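Take a look at the structure set out below.
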Amino acid sequence: AALGALADGRCIDIVLSGASLMHIVEWERAIAESVRVAREWCIFHTVTLLERRATTLLRKRAYGEPVMEVVFNRDELERTFAGLGLSVAATYESIPYDLAESVGERTHTRTYLCQKTS
C-alpha cells in the first residue's frame, strides 16, 4: 500500500533535499519528482548559486571519488521551480561555499522553502 501511495504522488508532507540537488546531473527531474510526491512543501537545502553565469556542471573529487557538482544560475533555478509548480516562500542563507576560482564568479548558497502552487 505504501508503494502504491508513492506511485500516486502527494504522499509526503514535506520533501527535504539536504545538500543533494547539487550532485544530481538531472536536477530538473529530481525537482519534478519532489513536487510529485510532496503534498505541499519542498525544501532544497544548501543550493550553490551563481548570479550571472549559466548553470554549470563541474567534475571534481569528493571523499576520494569522482563526482559531478551542479552550480545553479539563480534565475534559471527559480524559473524551473515555478515551471514545475513551486512558489518560493522563503530563502535562507546557508553554508558558505565560494567556487569563484573554479567558475570565475563568486558563489553563495541558499536554502529554498518552496510551496506547491497546484
Notebook entry, point to check: Of Leu49, Leu84, which residue is closer than 17 Å to Thr117 by Cβ and touching a helix residue (DSSP H, G or I) at 6+ places or on another chain (Cβ under 8 Å)?
Noted result: Leu84
Check: Going by the conditions given, is Thr56 crowded, with 17+ Cβ neighbours inside 10 Å, at pLDDT 95 or above and under 10 Å from the mean Cα position of the chain (by Cα)?
Finding: no
Next item on the list: Please tell me if Val88 is free of Cβ contacts under 8 Å to residues at least 60 places away in the same chain, open to solvent by 20 Å² or more (accessible area, probe 1.4 Å) and closer than 21 Å to Ile12 by Cβ.
Entry: yes
Check: Do you know which of the residues in segment 12-53 that are more than 14 Å from the chain's Cα centre (by Cα) and β-branched (Val, Ile, Thr) is least open to solvent (accessible area, probe 1.4 Å)?
Finding: Val37
Next item on the list: Quickly run through segment 59-78 and pick out the residues that are modelled with pLDDT of 95 or more and either at positive phi or open to solvent by 20 Å² or more (accessible area, probe 1.4 Å) (or both).
Entry: Arg74, Asp75, Glu76, Glu78
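The values are calculated or read from the model by the stated rules, or taken from the named source; none is laboratory data. All values reported here derive from a predicted model rather than from experimental measurement. So basically every Cβ, Gly included, is an ideal-geometry build from the backbone, and we count neighbours across all protein chains shown. SASA here: full protein model, heavy atoms, side chains in, ligands and nucleic acids out. Shrake-Rupley method; radii C 1.70, N 1.55, O 1.52, S 1.80 Å.
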